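Participant: One structure follows; several queries about it will come next.
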Amino acid sequence: MKDINANAFGYVVVTDYVEANTGKDVSDELQKIINENPHRTIYFPDGEYILSKPICTSANPVNAVSLELSKFATLKASKDWTEKEAIVRLGAAEPFNTITVNGSNYGIIGGIIDGSGVANGVSVDSGRETLIREVSIKNTQIGIHIKHGANSNSSDADIMNVNIVGNGQPESIGVLIEGCDNTFTNMRIAHIEIGFKILAPSQFLKNLHPLYTYDAGLAGRYAESCAFWDDTNHEVWYNNCYSDQFSTGFRMKDGARLTYADCFCYWYKADGLERGFKVDGKFNSIIRDCRVHFNRNSNDNNAYITVAEEGGHGFIENPITERVTDETYKQYLVGRVI
């Protein structure tokens, strides 16, 4: 859609009220546009919009809006950003819990969110069935933060076709998940220490690719790197998820009942202990048809899976692996090694 036609679609065009590319803070002006235009799509044409504090949308259907950014529209944190919250906070203005009222499904589509190395990107603070789609999130400590949901911790967010590039600092996270019942599909993440940190059950993850990169800020922290760190007990499904060069591909807590299918771990160079799966206790999960690939440069300190405590009722079916040195996985083997 061309910017010139945005008004014809009934959108509220922010450049009718503020000017892009000025280098000046427009956070108050943008918040005013959001507050005064309920049940409207707020459209951002190409250009850079500087913010010194978050902009917040409402989860209350009466005042909900949808944010849509053109491909090269950028919401950028200012140099003096001091907030602990994300640049865009969806549902933060008015917490609410409904999916049956028109306007209750809202979110952000398109554009670039630039944390300038200090801010978080986008958060889901409240509401149900919030959408984040086709957004590029850059230079953030936390790319996306799904907070505790409005209904018994259920956030019901749908995140798809999103790229995240973190700030390459210690404890940087691509996606932090505290609310339940979310779906994540088709995402690429880089320049972070942890790809996904999952603190709540009932998640569905498919076609996700976190990549570990050797940023200066992460020097000496390779052992802490993890593509998918799951600190829940049950009901998380992984399908076609790819850990690329992280020390640990998939980490799970003691006794967790999770399901992994057709996932992949790869290392293009050896830099310490490499393991596909790490269990902080007994192994009770299901791993099916997952490949853990150690290449010719791998050292003698690698493992398909490590467990902190032997036992458990988990099983590994048809693992695909080569050049593995630690054979703990054979204790849980079902089917054959491919």
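All of the numbers you see were taken from the coordinates with simple rules; none came from a lab. In this text the structure is predicted, and so the values were computed from the model without any measurement. Virtual Cβ from ideal backbone geometry, glycine too; neighbours counted across all protein chains shown.
Participant: What order do you get for SER136, SER285 when you list them from fewest to most C-beta neighbours inside 10 Å? Present the calculation step by step, with values, prior to reporting the outcome.
Facilitator: Working: SER136 20, SER285 25.
Sorted ascending by nearby Cβ count, the order is SER136, SER285.
Participant: Right, something else. Magnitude of the Cβ-charge dipole of the chain, K/R +1 and D/E -1, about the Cα centre, nearest 20 debye? Don't skip to the end; give the middle numbers.
Facilitator: Numbers: 31 positive and 43 negative charges, 106 e Å.
Charge dipole, the chain, about its Cα centre: 500 debye, nearest 20.
Participant: OK, next. Go through the stretch 18-24 residue by residue and turn each phi into a ³J(HN,Hα) via Karplus (6.51, -1.76, 1.60, θ = phi - 60°); whole Hz please, and just put x for glycine and proline.
Facilitator: With the stated coefficients, the stretch 18-24 comes to 10, 9, 7, 6, 8, x, 9 Hz.
Participant: So, one more: Label-point separation (nm) for LEU199 and ALA216, each offset 7 Å from Cα along Cα-to-Cβ?
Facilitator: My value for the distance between the label points is 3.1 nm.
Participant: Looking at the chain as a GNM with Cα springs under 10 Å, which of ILE34, ILE320, ILE108 has the largest mean-square fluctuation?
Facilitator: ILE320
Participant: Would you look at the GNM of the chain, springs on alpha carbons closer than 10 Å, and say which of PHE72, PHE294, PHE283 moves the most?
Facilitator: For the chain, modelled as a Gaussian network with Cα springs under 10 Å, the answer is PHE72.
Participant: What spacing in nm lies between the two simple spin-label points modelled at ASP326 and ASP16, each 7 Å away from Cα in the Cβ direction?
Facilitator: Placing both labels 7 Å beyond Cα along the Cβ direction yields 6.0 nm.
Participant: A further question follows. Cβ neighbours within 10 Å, averaged per peptide: list 79-85, 182-188 in order, most packed at the top. Intermediate results must be reported in sequence, preceding the final value.
Facilitator: Values: 79-85: 12.6, 182-188: 19.4.
Those peptides, ordered most packed to least, come out 182-188, 79-85.
Participant: Hey, another quick one. Using 0.36 nm per residue, how much length does the chain from ASP25 to ASN102 gain when fully extended, once their Cα-Cα distance is taken away? Kindly include the intermediate steps, with their values, before the conclusion.
Facilitator: Working: separation 77, 0.36 × 77 = 27.72 nm, distance 3.28 nm.
Full extension from ASP25 to ASN102 adds 24.4 nm.
Participant: If I take R0 = 35 Å and measure r between the Cβ atoms of THR82 and GLU309 in this structure, what FRET efficiency does the formula 1/(1 + (r/R0)^6) give, to the nearest 0.05? Show your work: numbers first, answer last.
Facilitator: Values: r = 44 Å, r/R0 = 1.24.
The calculated FRET efficiency here is 0.20.
Participant: Placing +1 on the Cβ of each Lys and Arg and -1 on the Cβ of each Asp and Glu in the chain, which of ASN21, SER58, GLY111 has its Cα farthest towards the positive end of the resulting dipole?
Facilitator: Result: GLY111.
Participant: Using the basic label-point model (7 angstrom from Cα toward the beta carbon), what is the HIS293 to ASN239 distance in nanometres?
Facilitator: For the pair HIS293/ASN239, the computed spacing is 2.2 nm.
Participant: If you work out Cα extents along the principal axes in Å from the coordinates, which of [x] 65, 51, 32; [y] 61, 45, 37; [z] 64, 43, 33 do you get?
Facilitator: Answer label, from the structure shown: [z].
Participant: Using just the helices of the chain, give the 222 nm mean residue ellipticity in deg cm²/dmol: DSSP H runs with n ≥ 4 each add -39,500 (n - 2.57), and the total is spread over all residues, rounded to 500. Mind showing how you got there, number by number?
Facilitator: Working: 1 runs with 9 residues, N = 338.
Calculated from helices alone, the mean residue ellipticity at 222 nm is -1000 deg cm²/dmol.
Participant: Okay, moving on. Taking Rh as the Kirkwood radius, which is the inverse of the mean 1/r over Cα pairs, what is the Rg/Rh value for the stretch 118-199?
Facilitator: Numbers: Rg = 11.7 Å, Rh = 12.3 Å.
Value, to two decimals: 0.95.
Participant: If you stretched the chain out fully between ARG133 and THR183, how much longer would it get, using 0.36 nm times the residue separation minus the C-alpha to C-alpha distance?
Facilitator: Values: separation 50, 0.36 × 50 = 18.00 nm, distance 1.18 nm.
This chain segment gains 16.8 nm when fully extended.
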